[in-house]
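A quick write-up on the structure given underneath.
The values are calculated or read from the model by the stated rules, or taken from the named source; none is laboratory data. Everything numeric here is computed off the predicted structure, so don't read it as measured data. Cβ coordinates were reconstructed from backbone atoms using ideal geometry, including for glycine residues, and neighbour counts include every protein chain displayed. Accessible surface areas use protein heavy atoms only, side chains included; no ligands, DNA or RNA. Shrake-Rupley method; radii C 1.70, N 1.55, O 1.52, S 1.80 Å.
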Amino acid sequence: MTWSDETTTAQRERSQQALQTHGGLLDVSALPSFAFSHRSLMWWSTAGLMAIEGAVFALAVVTMLFLRVHAPAWPLSGQLPPELLWGSLNTLVMLSSVIPNHWTKRAAEALDLRGARIGMLLCLGWAAVFLAVRVLEFRALNCRWDDDAYGSIVWMLMALHTTHLVTDFVDSSVLAAVLYRKPLALRRFVDVSENCLYWDFVVLSWLPLYAAVYWLPRMGAS
Amino acid sequence: MTAHDTLERTWRDPGGFVGWFCAVNHKTIGLRFITTTFVFFAAAGALALVMRLQLARPDNHLIGPDLYNQLFTVHGTTMMFLFAVPVMQAMATYLLPLMLGSRSIAFPRLNAYAYWIYLFGCLMLFGALFANVGPDAGWFSYVPLAGPDYSPGKRSDFWAQLITFSEMSGLLGSIVIIATILKLRAPGMALHRMPLFAWAMLVTSFMVMFAMPSVMFASTALITDRLVGTHFFNPAEGGDALLWQHLFWFFGHPEVYFIFIPALGFMSQIIATFARRPVVGYAAMVLALIATAFMSFGLWVHHMFATNLPELGKAFFTAMSLMIALPTALQIFCWLATLATGRLVLKTPLLFVLAFFFILVLGGLSGVTLGMVPLDLQVHDTYFVVAHLHYVLIGGAVFPLIGAIYYWFPKFSGRLLNERMGQLQFWLFFIGFNLTFFPMHLLGLHGMPRRVYTYPAGMGWETMNLWSTAGAFVIALSVALFVVNVVRSVLRGAPAGNNPWQAGSLEWATASPPSAGNFLQPPVVHGREPLWEPAAQPAGVIGLANDQREVLITSAIEAQPDHRAIFPTPSPWPFVSAAATTLLFVTSIFTPWAVVWASIPVALALIAWFWPRVRETLAEKPLERAP
Amino acid sequence: MIGNTSGGWQDALLAHGPQAAQVLDLWRVTLAVCSVVFALVLLALLLALWRAPRGTHETAPLIAPDDRIPLRRVGGAIAASALLLLGLLGGSVATDRALAQLVLRDALHVELTGRQWWWSIHYDDPDPSRGFDTANELHLPLGRPVILTLRSGDVIHSVWIPSLAGKKDLIPGRTTTLTLRADRAGLYRGQCAEFCGAQHAWMGLPVSVDEPARFEAWADAQRAAAKPPADELARRGQRLMLNGACAMCHAIRGTDANARQGPDLTHLAARGTLAAGTLPNDAAHLAAWVSNPAAHKPGVNMPSATFSPDELQAVVAYLRGLQ
């Protein structure tokens, strides 16, 4: 099946045409049994989670700014700022993971099982790399969570994001495994597509956190 | 077997002991959830009775400060986190699919998980109280008092984890509700035709998603300060005591609107039915809900007027705190206009709604007072605030909630609650409430601070405290009467029929109680009050399977039919996952490494939950059709 | 001297200083406006209930009513409400400004530090050698502005003397300020107004507003070092205190005791109450307090004394001499 070139709108219009009315009643039996993007319930739950987690990240960054405004120096107790190398490297790894991620999403929306399987495995490979680099990042933060409020908020931001990386990795592994099951319900392709959306969120939400953790301390106190 | 029986068999929950833990039907979960919230309402109320006994006389020694401080903390924490917010979510869980014309709620298993997590949170908190390790730093848990230096032991850790439990339940519940409201409405129920209660829940759920993360973040930071030595709130190491207040109240102010806005939804539904006409100004009502939600995020500093924040900033928050009265006033005026231009049926649900106009308005006016900085600096942290908060929460939410129970009880159970007993209960509650809480305005003005386990004799506070205690027992009597009414009606109340109130919204089109699949023929909607409009075509939906859990998904704004979805079957995994999550949360109070090893059972349970079963996949294959 | 633990004005409706008075004025206006609004809403409700015809569940519902007139009325009511709220906002801002304009010339500077569950007080003076410490009882000069500089030694507290002014929090890590003036001599009572733990309820602050001459006499007496013990019993009491646990927390100026964990005791006997307005200050209560503070203020940080009965008698005799 090659519906991948169709837009959501076009797909929806085709759905409308499948509706029939007879005997004063609406017959929905010809409607599809799943749909992509905001037509699906999964999209809404993913969007909800993104809103919630986005709010958490935003509050964490605002907390850092609040503490920094009240601080005589930032870092607070003369610590060195976190090493730029691993954090910046990981940012690049995460950003580049968007490529296999979107490739997978397109395969899923084209109902291409082989493509989706390969794509998910590629994404997992990328994830293994950025999880490994994340470990190196933690070792190069140049502060401890119990040093002072600066150390606490830096570790909190890193821990929050890392939790997302880990859960996303586990989710994606499970989903990849599901793709190898037979029989496979076609609606699992929607799960794959939404997983890619969440992956984008985890990567994009890293950018302000990266700026907050790695660059704010290099700008001195406010 | 008839189609009706097939549908019933498809959607009902399994029986038996194990089956009880597998239930996912929204009505089953909804009723359990509502019942549980009322049990904890009564428990928190009982704690308040003990507090009132202690305060009935000056310099009393009925209970000591340690127990008193646990009682007032657990009373507030329970009422706010384990009753007032969840009960609204619970009512929505039951009512929304029916009101929107759907066979199910979105994400039924997630909804069940949200209930179990909530229940385990309640049990943890009260377990801690009974073990004398109940939190005792107030429901707001200010630092540094609640921090590692001044609250040693586990008490405040239980508080912080209780937040985690209740926030998870609330946040997941809000996702469920938003998805249900936006994607599961009956064809033709465009957003501008949706019942006002559904609008209220939609608005509330969006607020929850943006406000609850703030307290989640704050309580996590508190736990790490207490357990692993972080310094978020330690001024000696660059932390800030006011950071807690900002984070807490950024959540805490919207939170009262999580409680209030759904109750506004109840008001609209009940007034329409008992005035025999739709509420005046539907668009204005919807905009008022949305405006209230947005504005509620701009008020939080009014809890911090006695700190040293800049005066100009405080004035801004005074302006916002006064302004938020306007959308609520709009709703009140529209309701008054509805009552004035309707045909009134004065039954118990309407009585509870009418009490709102007295009690909530009085509470709102004391709120206006508190929003004005100079006045707040006198009455902040006194019994005046205790009076205000109870007037707005009980008048604005609990009275409409009780009215809503009288209103929807026939739908839940198929029986009517006793009308005479309902009226008696109403008057007892109204009189008892005012007797308890009105004197507190005066107590605050006359100098009595709040959160005190006793007070000196000779301050002039004795008489008012005594009246207040008497009133509390009248309230208790009224609650007892309510319970009696419910139990008697469940056992031998008058049968209700589908639509005893001849109301206009879709839930009244189903049987009382509704069948497991709600609608054999899901409706198509052509107006705002579907059961009051003349019949139109198409009248309903066919083509959904009755032998599979098939649900119609419609578009978000116009509710055009979009696709059919297969919904999950009953499963023990939401319960098991909730138990594993509880283990994770509780053990991590005692050791940080629990976060790592206790995640493993959670992960395993979640995987078992989501892992597709061969039998189910094969069963849905015939219905499969790509977009 | 304030003997009764509840002695003194602690009432926002009995304003005896300009700060409290301005707030009281605003309160009266607000109360009037709110009462009128409340009455109007109730009237509208009663009118609606009275005039609307009764129906039953069978009454055919109105489906597409013409609500233009009701909506216009609603609009009018909203406009009126907005104007009233604007008026209250104006009143609030005006009062804020009036409160900020208290003349502070020749103000007395006092530093108040909140501790669980007592008040540490330091009177400042341009000449630092004339500053002095005291605790748990505030004396203020009549008619002279006072600037209270507020700090906390542990958790968040709040100082509230309702007959004189609104409250202000004492926040660890921050310094806050409360300015006020008392225009009527007499006894007042303040109380901590931010939940601060087990004994928040008994963190009272007796306040004595004195005529200027009396105030200066009191300040001079406070400045002086502690009176030496008058007799052998009191001398024994002093030795027990200085050699025992008492000196580890308390200061008695003029002796070797100069710790600051607990209240300054230099002029303890001059105070009207003990334990932050909790107990009257007489021999019996003093003995009871010293031997078992937790019996009166459960959770308090002061440990029970391990004195024998006649040791206790000696200590009390010494303390009673610290005028």
Could you tell me whether any residue of segment B:424-438 is touching a helix residue (DSSP H, G or I) at 6+ places or on another chain (Cβ under 7 Å), within 30 Å of B:Val368 (Cα to Cα) and outside any helix (DSSP H, G or I)? no
Taking segment B:223-241 as the region of interest, how many residues are within 14 Å of chain C (Cβ to nearest Cβ) and closer than 16 Å to B:Val586 by Cα? 0
What single numbered condition from (1) over 17 Å from A:Met94 (Cα atoms); (2) more than 8 Å from every other protein chain (Cβ to nearest Cβ); (3) open to solvent by 10 Å² or more (accessible area, probe 1.4 Å) fails to hold for A:Asn195? (1)
Is it true that A:Met94 is open to solvent by less than 70 Å² (accessible area, probe 1.4 Å), closer than 25 Å to A:Gln11 by Cβ, under 16 Å from the mean Cα position of the chain (by Cα) and not hydroxyl-bearing (Ser, Thr, Tyr)? no
Just for helices (runs of 4 or more DSSP H) wholly inside segment B:564-627: which have at least 1 residues that are within 14 Å of chain A (Cβ to nearest Cβ) and under 31 Å from the mean Cα position of the chain (by Cα)? B:573-590, B:594-597, B:599-610
Search segment B:383-399 for residues that are on the phi < 0 side of the Ramachandran plot and touching a residue at least 60 places away in the same chain (Cβ under 8 Å) and pair each with any residue that is of a type in the set (Lys, Arg) and surrounded by fewer than 24 Cβ atoms within 10 Å (Cβ to Cβ) when their beta-carbon atoms are under 6 Å apart and the residues are at least 6 apart or on different chains. B:Tyr383/B:Arg450; B:Val386/B:Arg450
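Would you be able to say whether some residue in segment C:115-137 is more than 24 Å from C:Arg260 (Cα to Cα) and at pLDDT 95 or above?
No, because not a single residue in segment C:115-137 is more than 24 Å from C:Arg260 (Cα to Cα) and at pLDDT 95 or above.
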From B:Ser489, B:Ser468, B:Ser515, B:Ser478, residue being open to solvent by less than 50 Å² (accessible area, probe 1.4 Å), closer than 30 Å to B:Pro187 by Cβ and away from chain A (no Cβ under 14 Å): B:Ser515
With open to solvent by less than 30 Å² (accessible area, probe 1.4 Å), free of Cβ contacts under 8 Å to residues at least 40 places away in the same chain and within 23 Å of C:Asn243 (Cα to Cα) as the only criterion, which of C:Ala287, C:Ala294, C:Ala283 stands out? C:Ala287
I'm trying to understand the selection: among the residues of segment C:59-93, which are under 30 Å from C:Gln19 (Cα atoms) and without any contact (Cβ under 8 Å) to a residue 40 or more places away in the chain? C:Ala82, C:Leu83, C:Leu85, C:Leu86, C:Leu89, C:Gly90, C:Val93
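Being touching a helix residue (DSSP H, G or I) at 6+ places or on another chain (Cβ under 9 Å) and either assigned to a loop (DSSP other than H, G, I, E, B) or free of Cβ contacts under 8 Å to residues at least 40 places away in the same chain (or both) is the filter here; which residues of segment B:153-173 pass it?
B:Lys154
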Boolean, B:Ala603 is closer than 16 Å to A:Val178 by Cα and modelled with pLDDT of 95 or more: yes
Looking only at segment B:522-564, count how many residues are open to solvent by 20 Å² or more (accessible area, probe 1.4 Å) and of a type in the set (Lys, Arg). 1
In segment C:110-127, is there at least one residue being assigned to a helix (DSSP H, G or I), more than 9 Å from chain B (Cβ to nearest Cβ), surrounded by fewer than 20 Cβ atoms within 10 Å (Cβ to Cβ) and not polar (S, T, N, Q)? no
With (1) of a type in the set (Gly, Ala, Ser); (2) buried (at least 20 other Cβ atoms within 10 Å of the Cβ); (3) more than 14 Å from chain B (Cβ to nearest Cβ) as the list, and A:Gly125 as the residue in question, which single condition is left unmet? (2)
